[in-house]
Amino acid sequence: MATNSAPKIAAPDSPLRLLPKVELHCHVEGTARVQTVAELAAHHGIDIGVADPADLYEYESLADFLAAFGTVCSVLLEPNDFHRLAYEAAEDGAKAGITYREMFFSPGFHLDRGVPFETMWQGLVAGVAEGEADFGVRTRLILDIDKPKGLGPAMGLLEVARGLDRDLLIGIGGDSTERGLDHRMFAPLMAEAKNIGLKTCFHCGEDGPADNIRHMVEAGIDRIDHGTRLLEDPELTKRVVDEQIPLTNCPTSNVELSIVDTLADHPFAAQRDAGVLVTLNSDDPAFFQFDLADEYERVSAAFGLDHAAMMSIRDAAITASWLDDSDKAALRSDFAS
């Protein structure tokens, strides 16, 4: 069962909570508050299988987590549901010091239930816009394909992406389990995404081997999500360092899903010491009952990193973001003021 037992939580006035931040690996469905899930389930008359929705946020493995993730998704049926989800994600993100976020959404979990793509997109667009206006969190979206479904459905979603607002939809990624999947199958997806001007990222090397990272690097990936197993392949590590391909690390998530035993066992610090462009992220903050400020606090404590080091890690997220150079410069200037 997830215990959320990491050593420190960032207090409201903690310097690391107040530090302005960029986040590059967060799933909008994974930000759903327990109360929101309960209210939407009641509104739609959906049986979520537990008396207390908080019980959904307990699990022992990635498979358990994905099942819970699917249940949470089941209460999202109407544009207003997705609107509320994205809006509350911005509100909670602001409390963690986030001012810019590149956030995943996972159409596969909704299309399977008969929810039209337009329903989710309409709601997310409205929620992102309202969240930015009210809380100052600028959010851009990454469409995540469900890897186990294979290349065909992934290419179908890419076709849908062609017609979407490119100021809001900036990339395509791939999530869900990776074991037993030959990631080389997604090379055509990466190539076509680049052809239509989208950035690319993929969850790999989390619960699967470093070879999965290699296959996506060879496919020209712009960013690696998780990449926990990277250092197991020194040659690949050198290439990732040389090309400064960013990793979006989620250490607490990896502990809670039993990818690593403790934060101290996580390769984040070793990757950083090796010259990898690593960033810190919350992944699914509602599921782990913590946020990005807590992640900063926990990592700082686990690896003995001072405030200056944490600021450097924050600045790495600006570098790794998909903002253009002028926007990155403006963000650095804002953070320095």
Taking the Cβ-Cβ separation of H44 and E91 as r and a Förster radius of 30 Å, what is the calculated FRET efficiency to the nearest 0.05? 0.85
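Sum up the charges of everything whose Cβ sits under 11 Å from the Cβ of V240, counting Lys and Arg as +1 and Asp and Glu as -1, but leave V240 out.
Values: positive: R214, R223, K238, R239; negative: D233, E235, D242, E243.
Neighbourhood net charge equals 0.
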Order 237-248, 78-89 from most to least packed using the mean count of other Cβ atoms within 10 Å. 78-89, 237-248
Under the rule of at least 5 residues apart or a separate chain, name every residue whose amide H is placed under 5 Å from the amide H of C204. D225, G227
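So if R0 is 35 Å, what FRET efficiency would R179 and S337 give, r being the distance between their Cβ atoms, rounded to the nearest 0.05?
0.15
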Pull up all non-local amide H partners of R140: gap of 5 or more, or a different chain, and H-to-H distance under 5 Å with H placed in the peptide plane. R101, E102, M103
Please list 3J(HN,Hα) in residue order for the stretch 290-305, calculated via the Karplus relation 6.51 cos²θ - 1.76 cosθ + 1.60 where θ = phi - 60°; whole Hz, with x for glycine and proline. 7, 9, 5, 5, 4, 4, 4, 4, 5, 5, 4, 5, 5, 10, x, 8
For labels at D13 and V160 in the simple 7 Å Cα→Cβ model, what's the distance in nm? 4.7 nm
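Bear in mind these aren't lab numbers, they're just calculated from the coordinates by the rules spelled out. A quick note: this is a predicted structure, and the numbers were derived from the prediction, not measured. With ideal geometry, Cβ positions are generated from the backbone for all residues, glycine too; neighbour counts draw on all protein chains shown.
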